[in-house]
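Report on the structure given below.
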Amino acid sequence: MSEKIVESLSDYVGEINTMQQNLNNKVGVGKKENIYYRGQNQDFSNTLPSLIRNENYLNNEDKLINDFITKYPELFGDCHNNFDRLALMQHHQLPTRLLDLTSNPLVALYFAVERSNESTDKDSDDADGKVFPFTNFDDQSSLKQSLSDERVGNISPEYTSIRGKDNQFLKSPFSDEIEVESSLARLSNTDRKEVLNALDKFYKDLSSIDTNGKCYWSEVYTNIVTNTNIVTNTNTLADITSKILLKKDYDDFNQNASIRRLYHEIRRDIGILKK
């Protein structure tokens, strides 16, 4: 979507209505997809969370979280998991990996026209704000542009090699994916990097075996990792070798010390300390 400049509230509302109508036309008759909005009071080059825009914050993410919890333990009595804790800390202005979005475009507009910094008078502040729209479905061109940001090291090739059965991003706060992501924030910077490196290696190995470009990880897991009878009459020697190597990769991944610390953090978070 191209950037639009608006100078009045009526123009802004008109653009929002047009964008929603275009999305409804794209998804089909009788369907309606929500748009979520983020308002930023400065023209940042990206929509990355404040934690990721600051290298010192990012390198000390676990320390920021632990220090906050230690200092204000009474705030977390109603939190059920690490995601709840991150959301609460985000609400209290701690830099986190979370990104605030709203389904109300007027709320996003409010944040876009706030003062650009504490020392600027709101009546004389001439810095332009921005409102970024998001949907529940990925746009490959926008995604690649975002993932090529210098802060995330151009990881778009790794992302696009990971296939799924749909392209929806919306997840429950209690989903496995959100549990892993929020628990990853509790690890040291060294462990986080090692987890991502191990995951990157595993998926590259998986992609090299997936020569037809159509299989999904859930199917590979069922057919290879959980299948003790790897060798069948229908397997070629190359197939058998690939499956054995991938099974070894999977076992090595689970034995990685940083991966095991992540597993421990997840078990601790959900109340299961034993395998």
### Summary
Per the filter on the range 65-104, residues aliphatic (A, V, I, L, M), part of a helix (DSSP H, G or I) and crowded, with 18+ Cβ neighbours inside 10 Å are 65, 86, 88, 89
### Task
Consider residue 228 carefully, then state whether it is at pLDDT below 60, among the β-branched types (Val, Ile, Thr) and either open to solvent by 50 Å² or more (accessible area, probe 1.4 Å) or touching a Phe, Trp or Tyr at 6+ places or on another chain (Cβ under 8 Å) (or both).
yes
### Query
For residue 58, are the conditions met, namely being in contact with a helix residue (DSSP H, G or I) (Cβ under 8 Å, 6 or more places away or on another chain), in a helix (DSSP H, G or I) and either hydroxyl-bearing (Ser, Thr, Tyr) or surrounded by 15 or more Cβ atoms within 10 Å (Cβ to Cβ) (or both)?
yes
### Message
I'd like to verify a number: residues in the range 24-50 that are modelled with pLDDT under 75 and surrounded by 12 or more Cβ atoms within 10 Å (Cβ to Cβ), how many?
### Response
4
### Residue that is farthest from residue 132 (Cα to Cα), among those in the range 43-55 that are in contact with a Pro (Cβ under 8 Å, 6 or more places away or on another chain) and either in a loop (DSSP other than H, G, I, E, B) or aliphatic (A, V, I, L, M) (or both)
54
### Message
Given the condition of a type in the set (Gly, Ala, Ser), at pLDDT 90 or above, surrounded by fewer than 11 Cβ atoms within 10 Å (Cβ to Cβ) and farther than 30 Å from residue 193 by Cβ, answer yes or no: does some residue in the range 8-23 qualify?
### Response
yes
### Message
Which condition from (1) surrounded by 13 or more Cβ atoms within 10 Å (Cβ to Cβ); (2) of a type in the set (Ser, Thr, Tyr); (3) in contact with a helix residue (DSSP H, G or I) (Cβ under 8 Å, 6 or more places away or on another chain); (4) modelled with pLDDT of 65 or more is the one that residue 207 breaks?
### Response
(3)
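The values are calculated or read from the model by the stated rules, or taken from the named source; none is laboratory data. From a predicted model like this one, the values you see are computed outputs, not experimental measurements. Heads up, the Cβs are rebuilt from the backbone with ideal geometry, glycines too, and the neighbour counts pull from every protein chain shown. Each accessible area value is taken on the protein alone, full model and side chains, heavy atoms only, with ligands, DNA and RNA left out. Shrake-Rupley method; radii C 1.70, N 1.55, O 1.52, S 1.80 Å.
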